[in-house]
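The values are calculated or read from the model by the stated rules, or taken from the named source; none is laboratory data. Small disclaimer: the values here were computed from a predicted structure and weren't measured. No Cβ is skipped: glycine too gets one built from the backbone with ideal geometry, and neighbour counts run over all protein chains shown. Only protein heavy atoms, including side chains, enter the accessible area calculation; ligands, DNA and RNA are left aside. Shrake-Rupley method; radii C 1.70, N 1.55, O 1.52, S 1.80 Å.
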Amino acid sequence: MSDPQEQLKKLQVQITQSKRETKQLYFHLDRVLKSCQDSNLTTVYRQQVPNGPPVRFDNFGLYHVLRGHFNKISQIRWGPADSYYLLSSSQDGFMIIWDTLTGYKVKAIPLDVQWVLSCAYSPDGQLLASGGLSNRATIYNFESGTSKAVLKGHTCYISDMGFLGPDKLITASGDMNCILWDVNRAIQVNTYVDHLGDVLSLAVDQKNGRFVSGASDGYAKVWDCRSACPVYQYVVGHNEVTVVEQLTDHLFAAGTDDGTIKLFDMRSDGEINRYNPPFLASTVPPALHQNHQGAADDSSVTSIAFSSSGRLMFATYADKGCVVWDLLANQLLGELSGHSNQVNQVRVNGQGNGVATSSWDSTIKIWGAT
Amino acid sequence: MYEMEENVDEKRLLMQLKISEIKLKRVTELNNTLKQNIARERITSSNSCLMIINTIRATSDPLLPAGEENNGIRTNSMINPYKEAMIMRRNDNKTDCCIIA
(Lines give C-alpha, C1' and ligand atoms only; values in the text may rest on other atoms or scores of the structure.)
Protein backbone atom coordinates (compact mmCIF):
# COMPACT_ATOMS: atom_id res chain seq x y z
CA MET A 1 0.00 0.00 0.00
CA SER A 2 1.36 3.45 -0.92
CA ASP A 3 2.07 6.19 1.55
CA PRO A 4 -1.12 8.08 2.58
CA GLN A 5 0.70 11.36 2.16
CA GLU A 6 1.45 10.53 -1.45
CA GLN A 7 -2.09 9.32 -2.02
CA LEU A 8 -3.42 12.57 -0.69
CA LYS A 9 -1.20 14.59 -3.02
CA LYS A 10 -2.33 12.49 -5.97
CA LEU A 11 -5.98 13.01 -5.06
CA GLN A 12 -5.55 16.74 -4.73
CA VAL A 13 -4.00 16.90 -8.18
CA GLN A 14 -6.94 14.89 -9.56
CA ILE A 15 -9.43 17.21 -7.84
CA THR A 16 -7.74 20.29 -9.32
CA GLN A 17 -7.82 18.73 -12.79
CA SER A 18 -11.49 17.75 -12.43
CA LYS A 19 -12.43 21.24 -11.24
CA ARG A 20 -10.68 22.71 -14.26
CA GLU A 21 -12.68 20.32 -16.45
CA THR A 22 -15.90 21.40 -14.67
CA LYS A 23 -15.20 25.02 -15.58
CA GLN A 24 -14.64 24.12 -19.23
CA LEU A 25 -17.78 21.98 -19.27
CA TYR A 26 -19.89 24.81 -17.83
CA PHE A 27 -18.48 27.14 -20.48
CA HIS A 28 -19.22 24.58 -23.23
CA LEU A 29 -22.78 23.99 -21.94
CA ASP A 30 -23.42 27.72 -21.85
CA ARG A 31 -22.26 28.03 -25.47
CA VAL A 32 -24.45 25.10 -26.57
CA LEU A 33 -27.50 26.57 -24.82
CA LYS A 34 -26.92 30.03 -26.29
CA SER A 35 -26.56 28.60 -29.80
CA CYS A 36 -30.08 27.11 -29.46
CA GLN A 37 -31.64 30.40 -28.31
CA ASP A 38 -32.00 32.03 -31.73
CA SER A 39 -35.44 33.61 -31.34
CA ASN A 40 -38.43 34.00 -29.08
CA LEU A 41 -42.11 33.08 -29.35
CA THR A 42 -43.48 36.57 -30.10
CA THR A 43 -40.85 37.31 -32.78
CA VAL A 44 -41.59 34.02 -34.57
CA TYR A 45 -45.35 34.66 -34.28
CA ARG A 46 -44.95 38.14 -35.76
CA GLN A 47 -42.97 36.68 -38.66
CA GLN A 48 -45.70 34.10 -39.25
CA VAL A 49 -48.66 36.46 -38.87
CA PRO A 50 -47.25 39.96 -39.54
CA ASN A 51 -50.48 41.94 -39.43
CA GLY A 52 -52.67 39.58 -37.48
CA PRO A 53 -55.08 41.37 -35.15
CA PRO A 54 -54.85 40.42 -31.49
CA VAL A 55 -57.11 37.61 -30.44
CA ARG A 56 -60.63 38.83 -29.61
CA PHE A 57 -61.55 38.81 -25.97
CA ASP A 58 -64.98 40.38 -25.84
CA ASN A 59 -67.09 37.38 -25.00
CA PHE A 60 -66.24 36.79 -21.40
CA GLY A 61 -68.83 36.90 -18.64
CA LEU A 62 -69.33 36.23 -14.96
CA TYR A 63 -71.63 33.30 -14.18
CA HIS A 64 -71.46 32.83 -10.43
CA VAL A 65 -70.08 34.39 -7.28
CA LEU A 66 -69.54 31.59 -4.78
CA ARG A 67 -70.04 32.78 -1.23
CA GLY A 68 -69.60 30.59 1.83
CA HIS A 69 -66.11 31.03 3.19
CA PHE A 70 -65.52 33.46 6.03
CA ASN A 71 -61.82 34.11 5.61
CA LYS A 72 -59.12 34.35 2.94
CA ILE A 73 -59.23 31.59 0.37
CA SER A 74 -55.81 29.99 0.10
CA GLN A 75 -56.18 27.79 -2.98
CA ILE A 76 -58.71 26.46 -5.45
CA ARG A 77 -58.55 23.28 -7.55
CA TRP A 78 -60.88 21.92 -10.21
CA GLY A 79 -62.18 18.36 -9.82
CA PRO A 80 -61.82 15.51 -12.36
CA ALA A 81 -61.68 16.61 -16.00
CA ASP A 82 -65.31 15.76 -16.78
CA SER A 83 -66.83 17.33 -13.66
CA TYR A 84 -67.66 20.92 -12.89
CA TYR A 85 -66.75 20.59 -9.23
CA LEU A 86 -64.36 23.04 -7.64
CA LEU A 87 -62.48 22.58 -4.37
CA SER A 88 -61.52 25.58 -2.27
CA SER A 89 -59.57 25.77 0.95
CA SER A 90 -59.80 28.71 3.29
CA GLN A 91 -58.27 29.92 6.49
CA ASP A 92 -61.71 29.74 8.10
CA GLY A 93 -60.83 26.06 8.62
CA PHE A 94 -63.01 24.56 5.88
CA MET A 95 -62.60 23.07 2.45
CA ILE A 96 -65.72 23.46 0.33
CA ILE A 97 -66.62 21.57 -2.82
CA TRP A 98 -68.80 23.61 -5.17
CA ASP A 99 -70.93 22.64 -8.13
CA THR A 100 -69.96 25.50 -10.42
CA LEU A 101 -72.85 24.92 -12.84
CA THR A 102 -75.45 25.66 -10.19
CA GLY A 103 -73.27 27.71 -7.85
CA TYR A 104 -74.31 25.57 -4.86
CA LYS A 105 -72.10 23.87 -2.27
CA VAL A 106 -71.80 20.09 -2.55
CA LYS A 107 -69.88 19.49 0.63
CA ALA A 108 -68.01 21.33 3.39
CA ILE A 109 -65.16 19.54 5.11
CA PRO A 110 -63.86 20.83 8.45
CA LEU A 111 -60.04 20.80 8.51
CA ASP A 112 -57.98 19.51 11.40
CA VAL A 113 -55.74 22.59 11.15
CA GLN A 114 -57.10 25.98 10.19
CA TRP A 115 -53.83 27.34 8.71
CA VAL A 116 -54.15 25.79 5.29
CA LEU A 117 -52.03 27.00 2.38
CA SER A 118 -52.76 24.38 -0.23
CA CYS A 119 -55.30 21.80 -1.35
CA ALA A 120 -55.54 19.09 -4.00
CA TYR A 121 -58.24 17.03 -5.73
CA SER A 122 -57.38 13.48 -6.86
CA PRO A 123 -57.87 12.74 -10.60
CA ASP A 124 -60.58 10.14 -9.85
CA GLY A 125 -62.40 12.54 -7.54
CA GLN A 126 -62.27 10.17 -4.55
CA LEU A 127 -59.69 11.94 -2.40
CA LEU A 128 -58.94 15.48 -1.32
CA ALA A 129 -55.83 16.79 0.40
CA SER A 130 -54.88 19.83 2.41
CA GLY A 131 -51.66 21.12 3.92
CA GLY A 132 -50.21 24.26 5.42
CA LEU A 133 -48.44 25.67 8.42
CA SER A 134 -48.78 22.44 10.43
CA ASN A 135 -46.04 20.84 8.24
CA ARG A 136 -48.26 17.87 7.48
CA ALA A 137 -50.68 16.95 4.73
CA THR A 138 -54.07 15.46 5.47
CA ILE A 139 -55.98 13.24 3.07
CA TYR A 140 -59.79 13.25 3.15
CA ASN A 141 -62.34 10.89 1.62
CA PHE A 142 -64.64 12.77 -0.72
CA GLU A 143 -67.71 10.65 0.11
CA SER A 144 -67.47 10.59 3.90
CA GLY A 145 -65.64 13.90 4.34
CA THR A 146 -63.49 12.31 7.03
CA SER A 147 -59.71 12.21 7.17
CA LYS A 148 -58.12 9.07 5.77
CA ALA A 149 -54.43 9.66 6.42
CA VAL A 150 -52.01 12.21 7.84
CA LEU A 151 -48.69 12.51 6.01
CA LYS A 152 -45.86 13.56 8.30
CA GLY A 153 -42.33 14.12 7.04
CA HIS A 154 -41.81 17.77 6.18
CA THR A 155 -40.03 19.93 8.72
CA CYS A 156 -41.49 23.22 7.50
CA TYR A 157 -44.75 24.53 6.04
CA ILE A 158 -46.35 22.86 3.00
CA SER A 159 -46.65 25.47 0.26
CA ASP A 160 -48.21 23.51 -2.59
CA MET A 161 -49.38 20.03 -3.51
CA GLY A 162 -50.81 18.01 -6.36
CA PHE A 163 -51.93 14.44 -7.06
CA LEU A 164 -49.74 12.48 -9.47
CA GLY A 165 -52.24 9.61 -9.62
CA PRO A 166 -55.26 8.35 -7.67
CA ASP A 167 -53.05 7.31 -4.74
CA LYS A 168 -49.90 9.39 -5.20
CA LEU A 169 -49.47 12.90 -3.85
CA ILE A 170 -46.55 15.31 -4.24
CA THR A 171 -46.01 18.04 -1.70
CA ALA A 172 -43.67 21.04 -1.80
CA SER A 173 -42.38 22.58 1.37
CA GLY A 174 -40.47 25.41 2.98
CA ASP A 175 -37.92 22.81 4.11
CA MET A 176 -36.54 23.05 0.51
CA ASN A 177 -37.73 19.53 -0.39
CA CYS A 178 -40.55 17.91 -2.31
CA ILE A 179 -41.93 14.52 -1.27
CA LEU A 180 -43.87 11.90 -3.22
CA TRP A 181 -46.31 10.05 -0.94
CA ASP A 182 -48.18 6.78 -1.21
CA VAL A 183 -51.50 7.97 0.15
CA ASN A 184 -52.94 4.53 0.92
CA ARG A 185 -49.99 3.47 3.03
CA ALA A 186 -49.20 7.00 4.26
CA ILE A 187 -45.49 6.58 3.50
CA GLN A 188 -42.87 8.56 1.59
CA VAL A 189 -41.98 7.03 -1.77
CA ASN A 190 -39.33 9.51 -2.86
CA THR A 191 -37.79 12.78 -1.67
CA TYR A 192 -36.54 15.41 -4.09
CA VAL A 193 -33.67 17.45 -2.68
CA ASP A 194 -31.86 20.00 -4.81
CA HIS A 195 -33.37 23.43 -4.19
CA LEU A 196 -31.50 25.89 -2.00
CA GLY A 197 -34.57 27.80 -0.85
CA ASP A 198 -38.21 27.27 0.13
CA VAL A 199 -40.10 25.40 -2.60
CA LEU A 200 -43.07 27.67 -3.23
CA SER A 201 -44.90 26.12 -6.14
CA LEU A 202 -45.54 22.84 -7.95
CA ALA A 203 -47.04 21.89 -11.29
CA VAL A 204 -47.73 18.16 -11.66
CA ASP A 205 -47.75 16.49 -15.07
CA GLN A 206 -49.79 13.33 -14.38
CA LYS A 207 -49.46 12.02 -17.95
CA ASN A 208 -45.67 11.88 -17.99
CA GLY A 209 -45.05 11.30 -14.28
CA ARG A 210 -43.13 14.56 -14.00
CA PHE A 211 -43.45 17.75 -12.04
CA VAL A 212 -42.00 21.25 -12.06
CA SER A 213 -41.01 22.99 -8.85
CA GLY A 214 -40.30 26.67 -8.29
CA ALA A 215 -38.38 27.91 -5.28
CA SER A 216 -37.12 31.02 -3.54
CA ASP A 217 -33.59 30.28 -4.80
CA GLY A 218 -34.71 31.60 -8.22
CA TYR A 219 -34.67 28.19 -9.90
CA ALA A 220 -37.41 26.18 -11.59
CA LYS A 221 -36.61 22.47 -11.81
CA VAL A 222 -38.25 19.69 -13.77
CA TRP A 223 -38.24 16.30 -12.05
CA ASP A 224 -38.97 12.79 -13.18
CA CYS A 225 -40.76 11.20 -10.23
CA ARG A 226 -38.59 8.08 -10.43
CA SER A 227 -35.32 9.98 -10.20
CA ALA A 228 -33.90 11.87 -7.22
CA CYS A 229 -32.12 14.43 -9.43
CA PRO A 230 -33.83 17.09 -11.56
CA VAL A 231 -34.00 16.40 -15.31
CA TYR A 232 -33.90 20.08 -16.27
CA GLN A 233 -33.23 23.20 -14.27
CA TYR A 234 -33.60 26.82 -15.26
CA VAL A 235 -32.55 30.05 -13.63
CA VAL A 236 -35.71 32.15 -13.69
CA GLY A 237 -34.08 35.20 -12.11
CA HIS A 238 -32.62 36.64 -8.96
CA ASN A 239 -36.07 36.75 -7.42
CA GLU A 240 -38.21 34.10 -5.82
CA VAL A 241 -40.11 31.83 -8.20
CA THR A 242 -43.57 32.14 -6.74
CA VAL A 243 -45.53 30.08 -9.24
CA VAL A 244 -44.98 27.46 -11.96
CA GLU A 245 -47.61 26.14 -14.35
CA GLN A 246 -47.25 23.62 -17.15
CA LEU A 247 -48.91 24.18 -20.54
CA THR A 248 -47.76 21.17 -22.60
CA ASP A 249 -45.38 18.25 -22.10
CA HIS A 250 -42.45 20.49 -23.00
CA LEU A 251 -43.59 23.95 -22.01
CA PHE A 252 -44.08 25.65 -18.66
CA ALA A 253 -44.35 29.15 -17.25
CA ALA A 254 -42.67 30.49 -14.14
CA GLY A 255 -43.71 33.68 -12.35
CA THR A 256 -41.48 35.60 -9.97
CA ASP A 257 -42.08 37.99 -7.11
CA ASP A 258 -41.10 41.00 -9.27
CA GLY A 259 -44.12 40.36 -11.51
CA THR A 260 -42.32 38.82 -14.51
CA ILE A 261 -43.54 35.63 -16.16
CA LYS A 262 -41.12 33.57 -18.25
CA LEU A 263 -41.95 30.74 -20.59
CA PHE A 264 -39.50 27.83 -20.70
CA ASP A 265 -39.28 25.16 -23.37
CA MET A 266 -37.62 21.83 -22.65
CA ARG A 267 -37.01 20.88 -26.29
CA SER A 268 -34.83 23.93 -26.88
CA ASP A 269 -33.77 23.84 -23.23
CA GLY A 270 -34.26 27.50 -22.39
CA GLU A 271 -36.43 30.58 -22.04
CA ILE A 272 -38.59 31.32 -25.08
CA ASN A 273 -40.67 34.30 -23.99
CA ARG A 274 -40.99 36.88 -21.27
CA TYR A 275 -44.06 38.80 -20.05
CA ASN A 276 -43.17 41.93 -18.12
CA PRO A 277 -45.38 43.19 -15.29
CA PRO A 278 -48.37 44.86 -16.93
CA PHE A 279 -49.12 48.50 -16.35
CA LEU A 280 -52.81 48.94 -15.64
CA ALA A 281 -54.71 52.11 -14.96
CA SER A 282 -56.55 50.30 -12.21
CA THR A 283 -53.35 49.30 -10.41
CA VAL A 284 -53.62 50.42 -6.84
CA PRO A 285 -50.39 51.87 -5.37
CA PRO A 286 -48.96 49.23 -3.04
CA ALA A 287 -49.00 51.37 0.10
CA LEU A 288 -52.61 52.37 -0.43
CA HIS A 289 -53.50 48.80 -1.22
CA GLN A 290 -51.96 47.57 1.98
CA ASN A 291 -53.53 50.24 4.17
CA HIS A 292 -57.02 49.94 2.89
CA GLN A 293 -57.39 46.34 1.97
CA GLY A 294 -54.72 44.47 3.88
CA ALA A 295 -53.20 43.04 0.72
CA ALA A 296 -49.54 42.36 0.04
CA ASP A 297 -47.28 45.29 -0.83
CA ASP A 298 -45.53 43.48 -3.67
CA SER A 299 -46.21 42.87 -7.33
CA SER A 300 -45.50 39.15 -7.35
CA VAL A 301 -47.23 36.73 -9.66
CA THR A 302 -49.45 34.56 -7.48
CA SER A 303 -51.02 32.22 -10.00
CA ILE A 304 -50.95 31.29 -13.71
CA ALA A 305 -53.45 29.30 -15.80
CA PHE A 306 -53.76 28.53 -19.51
CA SER A 307 -56.84 28.15 -21.69
CA SER A 308 -57.20 24.73 -23.36
CA SER A 309 -55.39 25.80 -26.55
CA GLY A 310 -52.81 27.79 -24.62
CA ARG A 311 -53.57 31.01 -26.49
CA LEU A 312 -54.86 32.75 -23.38
CA MET A 313 -52.71 33.01 -20.29
CA PHE A 314 -54.49 34.09 -17.10
CA ALA A 315 -52.22 35.49 -14.42
CA THR A 316 -52.94 36.94 -11.02
CA TYR A 317 -50.65 39.56 -9.51
CA ALA A 318 -50.62 40.59 -5.86
CA ASP A 319 -51.30 44.23 -6.75
CA LYS A 320 -53.13 43.99 -10.07
CA GLY A 321 -55.80 41.30 -9.89
CA CYS A 322 -56.37 38.82 -12.69
CA VAL A 323 -55.00 39.72 -16.11
CA VAL A 324 -55.42 37.95 -19.46
CA TRP A 325 -52.47 37.72 -21.87
CA ASP A 326 -52.32 36.75 -25.50
CA LEU A 327 -49.53 34.20 -25.14
CA LEU A 328 -48.31 34.44 -28.74
CA ALA A 329 -48.57 38.20 -29.36
CA ASN A 330 -47.40 39.04 -25.82
CA GLN A 331 -50.27 41.53 -25.48
CA LEU A 332 -52.58 42.30 -22.65
CA LEU A 333 -56.17 41.44 -23.58
CA GLY A 334 -58.12 42.37 -20.50
CA GLU A 335 -58.83 41.84 -16.85
CA LEU A 336 -61.19 39.68 -14.82
CA SER A 337 -62.09 42.34 -12.33
CA GLY A 338 -64.67 42.52 -9.60
CA HIS A 339 -63.05 41.13 -6.47
CA SER A 340 -62.73 43.60 -3.61
CA ASN A 341 -59.39 42.32 -2.33
CA GLN A 342 -56.26 40.61 -3.64
CA VAL A 343 -57.02 37.94 -6.23
CA ASN A 344 -54.73 35.05 -5.35
CA GLN A 345 -55.69 32.18 -7.64
CA VAL A 346 -56.94 31.57 -11.16
CA ARG A 347 -57.71 28.12 -12.60
CA VAL A 348 -59.17 26.86 -15.88
CA ASN A 349 -61.29 23.69 -15.67
CA GLY A 350 -60.49 20.39 -17.37
CA GLN A 351 -62.95 20.98 -20.21
CA GLY A 352 -61.45 24.40 -20.86
CA ASN A 353 -64.79 26.23 -20.72
CA GLY A 354 -64.77 27.67 -17.20
CA VAL A 355 -62.40 29.89 -15.26
CA ALA A 356 -62.41 30.32 -11.50
CA THR A 357 -60.77 33.20 -9.63
CA SER A 358 -60.48 33.28 -5.86
CA SER A 359 -59.71 36.16 -3.60
CA TRP A 360 -58.85 37.27 -0.11
CA ASP A 361 -62.35 38.80 -0.09
CA SER A 362 -63.45 35.17 0.62
CA THR A 363 -65.41 34.77 -2.62
CA ILE A 364 -64.83 32.77 -5.78
CA LYS A 365 -66.00 33.93 -9.18
CA ILE A 366 -66.82 31.60 -12.06
CA TRP A 367 -66.25 33.02 -15.54
CA GLY A 368 -66.95 31.64 -18.98
CA ALA A 369 -67.63 32.50 -22.60
CA THR A 370 -70.97 34.21 -23.12
CA MET B 1 3.46 11.12 24.46
CA TYR B 2 5.30 11.16 21.13
CA GLU B 3 3.42 8.03 20.01
CA MET B 4 0.07 9.62 20.80
CA GLU B 5 0.88 12.68 18.68
CA GLU B 6 1.91 10.42 15.83
CA ASN B 7 -1.43 8.58 16.07
CA VAL B 8 -3.36 11.83 15.96
CA ASP B 9 -1.44 12.98 12.88
CA GLU B 10 -2.11 9.68 11.15
CA LYS B 11 -5.82 9.88 11.96
CA ARG B 12 -5.98 13.43 10.61
CA LEU B 13 -4.21 12.36 7.44
CA LEU B 14 -6.63 9.46 6.92
CA MET B 15 -9.57 11.80 7.48
CA GLN B 16 -8.20 14.25 4.89
CA LEU B 17 -7.74 11.36 2.50
CA LYS B 18 -11.37 10.34 2.94
CA ILE B 19 -12.63 13.91 2.48
CA SER B 20 -10.56 14.28 -0.69
CA GLU B 21 -11.93 11.01 -2.07
CA ILE B 22 -15.50 12.23 -1.47
CA LYS B 23 -14.67 15.60 -3.06
CA LEU B 24 -13.25 13.91 -6.14
CA LYS B 25 -16.31 11.66 -6.39
CA ARG B 26 -18.64 14.67 -6.24
CA VAL B 27 -16.72 16.67 -8.84
CA THR B 28 -16.59 13.63 -11.14
CA GLU B 29 -20.35 13.13 -10.74
CA LEU B 30 -20.96 16.80 -11.57
CA ASN B 31 -18.74 16.52 -14.65
CA ASN B 32 -20.64 13.45 -15.84
CA THR B 33 -23.98 15.27 -15.38
CA LEU B 34 -22.63 18.26 -17.34
CA LYS B 35 -21.41 15.96 -20.13
CA GLN B 36 -24.84 14.34 -20.31
CA ASN B 37 -26.46 17.79 -20.43
CA ILE B 38 -24.17 18.88 -23.26
CA ALA B 39 -24.89 15.69 -25.21
CA ARG B 40 -28.67 16.11 -24.81
CA GLU B 41 -30.61 16.48 -28.04
CA ARG B 42 -31.94 20.01 -28.54
CA ILE B 43 -33.73 21.92 -31.25
CA THR B 44 -33.39 25.64 -31.83
CA SER B 45 -35.89 27.84 -30.04
CA SER B 46 -37.22 29.20 -33.38
CA ASN B 47 -38.18 25.67 -34.45
CA SER B 48 -39.70 24.99 -31.10
CA CYS B 49 -41.67 28.27 -31.24
CA LEU B 50 -43.00 27.35 -34.69
CA MET B 51 -44.28 24.03 -33.38
CA ILE B 52 -45.89 25.73 -30.37
CA ILE B 53 -47.59 28.35 -32.59
CA ASN B 54 -48.92 25.68 -34.96
CA THR B 55 -50.26 23.59 -32.08
CA ILE B 56 -51.93 26.55 -30.38
CA ARG B 57 -53.51 27.82 -33.61
CA ALA B 58 -54.80 24.38 -34.53
CA THR B 59 -56.41 23.67 -31.16
CA SER B 60 -59.99 24.68 -30.54
CA ASP B 61 -60.62 26.74 -27.45
CA PRO B 62 -64.06 27.14 -25.83
CA LEU B 63 -62.99 30.39 -24.16
CA LEU B 64 -62.34 32.18 -27.46
CA PRO B 65 -65.18 33.81 -29.38
CA ALA B 66 -67.14 31.50 -31.66
CA GLY B 67 -66.73 32.21 -35.35
CA GLU B 68 -65.24 30.80 -38.45
CA GLU B 69 -61.81 32.21 -37.88
CA ASN B 70 -60.27 33.94 -34.95
CA ASN B 71 -56.75 34.90 -35.90
CA GLY B 72 -56.05 31.43 -37.16
CA ILE B 73 -57.73 29.61 -34.30
CA ARG B 74 -60.50 27.21 -35.13
CA THR B 75 -63.00 27.96 -32.42
CA ASN B 76 -65.49 25.24 -31.69
CA SER B 77 -69.20 25.59 -31.56
CA MET B 78 -69.46 23.48 -28.41
CA ILE B 79 -72.47 24.18 -26.21
CA ASN B 80 -71.49 26.28 -23.25
CA PRO B 81 -72.65 24.34 -20.15
CA TYR B 82 -72.64 27.46 -17.98
CA LYS B 83 -74.95 29.24 -20.37
CA GLU B 84 -77.18 26.15 -20.62
CA ALA B 85 -77.39 25.87 -16.83
CA MET B 86 -78.26 29.55 -16.55
CA ILE B 87 -81.03 29.27 -19.18
CA MET B 88 -82.41 26.14 -17.48
CA ARG B 89 -82.47 27.90 -14.12
CA ARG B 90 -84.30 30.85 -15.63
CA ASN B 91 -86.86 28.51 -17.17
CA ASP B 92 -87.29 26.66 -13.87
CA ASN B 93 -87.86 29.94 -12.09
CA LYS B 94 -90.46 30.86 -14.69
CA THR B 95 -92.48 27.69 -14.10
CA ASP B 96 -92.20 27.95 -10.31
CA CYS B 97 -93.64 31.45 -10.15
CA CYS B 98 -97.30 32.22 -10.28
CA ILE B 99 -98.66 35.31 -11.93
CA ILE B 100 -101.06 37.44 -9.93
CA ALA B 101 -103.44 39.18 -12.22
Taking 7 Å along the Cα-to-C-beta vector as the label spot, tell me the residue A:32-residue A:147 distance in nanometres, rounded to one decimal.
4.8 nm
If I take every Cα pair under 8 Å that is 6 or more residues apart in region A:55-141, average their sequence separation and divide by the length, what percent do I get for the relative contact order?
22 percent
Where the accessible area of the protein assembly as shown is counted over protein heavy atoms with a 1.4 Å probe, how much of it, in %, is carbon and sulfur?
52 percent
Can you tell me which lysines have their Cα less than 23 Å from the Cα of residue A:152? Leave out same-chain residues fewer than eight positions away.
A:168
Between residue B:23 and residue B:41, how many nm apart are label points set 7 Å from Cα along the C-beta direction?
4.0 nm
Taking chymotrypsin sites (Phe, Trp or Tyr not before Pro) that fall in a DSSP loop and have at most 13 other Cβ atoms within 10 Å as cut points, what is the longest piece of chain A between them?
A:116-278
Per the rule of 0.36 nm per residue minus the C-alpha distance, extending residue A:62 to residue A:16 adds in nm 10.2 nm
Per residue in region B:12-34, which ones lose no less than 50 Å² of accessible surface when going from chain alone to all protein chains (1.4 Å probe)?
B:13, B:17, B:20, B:24, B:27, B:31, B:34
With no solvent and one equal point scatterer placed on each C-alpha of region B:1-56, evaluate the Debye formula and give log10 I(q)/I(0) for q = 0.13, 0.29, 0.31 Å⁻¹, two decimals.
-0.61, -1.01, -1.06
Taking the Cβ-Cβ separation of residue A:49 and residue B:7 as r and a Förster radius of 51 Å, what is the calculated FRET efficiency to the nearest 0.05?
0.05
Dividing the helical contributions, -39500 (n - 2.57) per DSSP H run of n ≥ 4, by the residues of the protein assembly as shown yields a 222 nm value, nearest 500 deg cm²/dmol, of -8500 deg cm²/dmol
In Å² (nearest 100), what accessible area is buried between A and B, both sides summed, heavy protein atoms only, 1.4 Å probe?
5200 Å²
Mean separation of Cα contacts under 8 Å (at least 6 apart) over the residue count of chain A, i.e. the relative contact order in percent, is 14 percent
With every protein chain kept in place and ligands, DNA and RNA left out, what is the accessible area per residue of the protein assembly as shown? Probe 1.4 Å, answer in Å².
48 Å²
Dimensions of chain A along principal axes (Cα, Å, largest first)?
79, 57, 41
